[in-house]
Amino acid sequence: GDAGPSGPPGPNETTLTRWDDLPGVVLKITAIAGGSGANGNLQAGDVPKITFTVKRRDARNVTLAELTSAAIYVSGPTSNYQRVVASQSDVKTRAVDKGDGTFTYTFANPLPATYLAPLNDSPSFDADDGELTGQPLIDGTYTVAMQAYQNFTINGVVYRDTGNDTFDFLLGTATALASREVVGAANCNQCHTQLRAHGGSRNELGVCLTCHTAGAEDRNVSTVEGGTPGVTIDFGVMVHRIHNA
């Protein structure tokens with residue numbers, strides 16, 4: 001009989017040859033909603049809804065099922081980043097495909113009223129160092145950060161293709177966005193070519209700022225070089241110390 005209609009495109013191939021370039025994971029946050037404040041500002045107790053897209057470098061859409069992993073988190077204010085929502089690893093299961101190339105992710109819990117403790121928190125740092133653990137959220141510009149990656153195999157070796165993005169929003173009574181850039185990516189890539197960290201899953205400096213906050217510390221694993229007690233990983237401090245030896 002006659003051939004039936006064509007089906008939808010199948011998943012992109014994940015096994016490549018040594019002559020193939022990685023196809024790219026281009027992650028883009030396009031909107032944030034769910035605010036109950038004036039002009040749509042978010043407030044403590046609101047549930048943010050994040051709209052985003054994931055594409056290849058050639059603009060083909062990527063499905064959530066194709067991604068190996070995806071995560072989302074919130075920090076702020078940009079004047080002194082603190083953790084607000086810890087990394088959520090449920091993006092692939094909670095995000096809804098809108099059928100037009102976009103996805104909407106709704107956080108499982110509302111924004112908290114107070115700041116989380118920084119990563120690997122200890123008594124080594126406190127409010128004198130800018131840490132605001134347990135204090136009420138301050139009005140201002142906050143940042144939602146996302147990361148997503150897909151693993152590809154080339155000649156039996158696994159390579160990670162990564163996409164990162166951030167989106168600033170207003171919280172409380174703030175009226176003007178005030179984005180923050182500690183150092184320009186172009187400056188880093190003069191030497192690093194393409195900056196990558198944490199197994200290649202982070203490659204945007206704006207994402208780095210949302211975890212490397214005031215009071216954040218190195219993991220201090222005692223079995224590795226005797227540990228690193230009281231060593232800050234606050235991004236500005238850490239980067240300057242690394243590059244000043």
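Each value in this text was obtained by applying a stated rule to the coordinates, not by laboratory testing. Predicted, not measured: the structure shown is a model, and the values here were computed from it. Backbone-built Cβ (ideal geometry, glycine too); neighbour counts: all protein chains shown.
Within the listed set S75, S222, S201, the Gaussian network model of the chain (springs between alpha-carbon atoms below 10 Å) gives the highest mean-square fluctuation for S222. Y149: net charge of surrounding residues, Cβ under 12 Å, Lys/Arg +1, Asp/Glu -1, itself excluded? So the environment of Y149 carries a net charge of +2.
With a simple spin-label model that places each label point 7 Å from the Cα along the Cα-to-Cβ direction, the separation between R18 and T104 comes to 4.8 nm. Rounded to the nearest whole Hz, the Karplus-based 3J(HN,Hα) values (6.51 cos²θ - 1.76 cosθ + 1.60, θ = phi - 60°) of the range 151-168 follow the sequence 8, 10, 10, 10, 6, x, 9, 8, 10, 9, 9, 10, x, 10, 7, 10, 8, 8, with x at glycine and proline. Taking 0.36 nm per residue of sequence separation and removing the Cα-Cα distance, the T228/A65 pair yields an extension gain of 54.8 nm. Working from Cα pairs under 8 Å separated by at least six residues, relative contact order for the chain is 21 percent. Among residues other than T175 with Cβ under 14 Å from its Cβ, the summed charge is -2 (Lys and Arg +1, Asp and Glu -1).
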